[in-house]
Amino acid sequence: MSLAMSVSDILARKDTAARWLEFADAVVSLAFGVYFFTIVWRLTKVLESLPEWWGSYSPTGVVLRLLVPIYNLWVLYYWAKEIGRYLDWRLNRSSGTEVKFFTGFIVMVVVSCLGDVGSIVGGTGIMGLFYLFYVPLRRVLGENPPVNSSFGRGDLSLGIR
């Protein structure tokens, strides 16, 4: 009888542990989602405050458009492309940052759908991708803008505000 009781206790604990793991996974996914939108909003807000920034959307506008399924991939791609073109213009070279960011984002979304730990790995990877923008932007914002350079600059606006 005690053996049957201990097995049922173990099974009950395993069920409870599985529930806690699912709950922790949901909380971590929610935290990563909120943090992702916060980073996008803040990064867009900082760039919008620069006099030489030519982005055609507001920080709130880009975050709200990222909530629309399928359309959010298009918005994220062109948001990253505008930041990449701005970095190319300021650094006066082609970096390809936007392609690396978007490709990495898609890979990390797929990884986050793979299972319990996948959402933590995928979310961490997505947050790490922002360093592709953060490191060059930090360097660029400490320098003066180029005087007569049109490199990377062009008509690539989303047309949304």
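The values are calculated or read from the model by the stated rules, or taken from the named source; none is laboratory data. The model shown is predicted, which means the values in this text are computed figures rather than measured ones. Neighbour counts run over all protein chains shown; Cβ positions are idealised from the backbone, glycine included.
Restricting the first member to the stretch 21-46 and to residues that are among the charged types (D, E, K, R), and the second to residues that are surrounded by 15 or more Cβ atoms within 10 Å (Cβ to Cβ), the beta-carbon pairs closer than 6 Å and six or more apart or on different chains are 25/119; 45/59.
Listed here are the residues, each with its yes/no results for (1) aliphatic (A, V, I, L, M); (2) under 13 Å from residue 137 (Cβ atoms); (3) touching a Gly at 6+ places or on another chain (Cβ under 8 Å).
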{"residue": "39", "(1), (2), (3)": "yes, yes, no"}
{"residue": "42", "(1), (2), (3)": "no, yes, no"}
{"residue": "64", "(1), (2), (3)": "yes, no, no"}
{"residue": "71", "(1), (2), (3)": "no, no, no"}
{"residue": "74", "(1), (2), (3)": "no, no, no"}
{"residue": "78", "(1), (2), (3)": "no, no, no"}
{"residue": "86", "(1), (2), (3)": "no, yes, yes"}
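Can you tell me which residues in the stretch 57-100 are modelled with pLDDT under 85 and at positive phi? Answer for the stretch 57-100, where residues must be modelled with pLDDT under 85 and at positive phi: 92, 96.
Note on the stretch 58-139: enclosed helices (runs of 4 or more DSSP H) holding 2 or more residues that are more than 13 Å from the chain's Cα centre (by Cα) and within 17 Å of residue 35 (Cα to Cα) are 59-66, 118-129.
Condition first: exposed (fewer than 11 other Cβ atoms within 10 Å of the Cβ), modelled with pLDDT of 80 or more and among the hydroxyl-bearing types (Ser, Thr, Tyr). Can you find one or more residues in the stretch 44-51 that meet it? Break it down into steps so the answer makes sense when it comes.
Let us first name the residues in the stretch 44-51 that are exposed (fewer than 11 other Cβ atoms within 10 Å of the Cβ), namely 49, 51.
Retained after the next criterion (residues that are modelled with pLDDT of 80 or more): 49.
Restricting the remaining residues to those that are among the hydroxyl-bearing types (Ser, Thr, Tyr) gives 49.
For the stretch 44-51, residues exposed (fewer than 11 other Cβ atoms within 10 Å of the Cβ), modelled with pLDDT of 80 or more and among the hydroxyl-bearing types (Ser, Thr, Tyr): present.
Does residue 52 qualify as being charged (D, E, K, R) and either more than 30 Å from residue 141 (Cβ to Cβ) or under 15 Å from the mean Cα position of the chain (by Cα) (or both)?
Details: charged (D, E, K, R): yes; either more than 30 Å from residue 141 (Cβ to Cβ) or under 15 Å from the mean Cα position of the chain (by Cα) (or both): no.
So residue 52 fails the test.
Only one entry in 132, 87 is among the aliphatic types (A, V, I, L, M) and without any contact (Cβ under 8 Å) to a residue 40 or more places away in the chain, namely 132.
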